[in-house]
Structures are given as structure tokens and as C-alpha cells.
Amino acid sequence: MRYAILAALTLATPVAAGEQMSPEAFEQATEGRTFHFSSNGGLYGAERYLPGRRVIWSFVDGQEVQECLDGEWYVAEDGDICFVYEDDLGPQCWAFYREGDRIRGEFQSEPTDPTVYMAEETSEPLLCMGPDVGV
């Protein structure tokens, strides 16, 4: 199951179109930010990028953030950016490319999956719902 995906943000570090983003450019573009992602026109998930390449991911059900998963990202030998989460489903690797003022993420762990584009960026932290909240 894939979690982390990225697109539609403006970078401070220029990257040529078609050129895979460096880990440094990816880190600069994401650290301290929260991104909401869409897939096939619908909200898919949200991820908060923390210092030290740590992340918090959540799928989104309608407009509501579900239970969050802690994780981290690292750079694979081939330059892809891989994410691992506390659910231990294994690494989920992506190649990120600049397209004008957007970023395209290509899921490398399952290349037949569609590209998913970010819908919204916010500086607010995720409000994570846990299991049995309010019960």
C-alpha cells in the first residue's frame, strides 16, 4: 500500500524539467509542511514532513483525517526517495520530477500505479484521529 506522494508545489531550488529531484531539493520543498494529496480527483491522504526526514501519514476519508502513521524517508541507492512507516509494510519508493511549478511523483515500487498530484499545502500540523476516539 502506498502512502507518500507529492506534486503541485513551488520549489525554492530550481530543477530542470524532466530531471529527477535531488534529495536536498525534496527536503527543502517539504520539511515543515503538510501536504494533502488527491487521486483521480478525490482527496487521498495527508502527510506532514518533519525535521530529520521524519513524516506522519494519514489516509483521508472524505474530508476527515484518519489514524496517523509515523514514518521516515531515505534515499535509495538509485536516487529514489523511499518511505517506511510504523505498520512495517516495507519501503515505498518514489521518483519526483519538477514540471514547471509542480512536482510529479512516480511510484517506483509499483510502476503501473497512476501518478498522484498534491491538492493543497498547509503549514498546519495534522490532526490525527486514533482508533476508538470518542468511544
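All of the numbers you see were taken from the coordinates with simple rules; none came from a lab. Bear in mind the structure is a predicted one, so any value in this text is a computation, not a measurement. Because the Cβ atoms are built from the backbone with ideal geometry, glycine has one as well, and the counts that use them run over all protein chains shown.
Report the net charge of residues surrounding GLY52, where surrounding means a beta-carbon distance below 11 angstrom and charges are Lys +1, Arg +1, Asp -1, Glu -1.
-1
Apply 1/(1 + (r/R0)^6) to the Cβ-Cβ distance of TYR74 and GLU99, taking R0 = 35 Å, and write down the FRET efficiency to the nearest 0.05.
My answer for the efficiency is 0.90.
For LEU89 and GLU31, compute 0.36 nm times the residue count separating them, minus their Cα-Cα distance, and round to one decimal in nm.
18.5 nm
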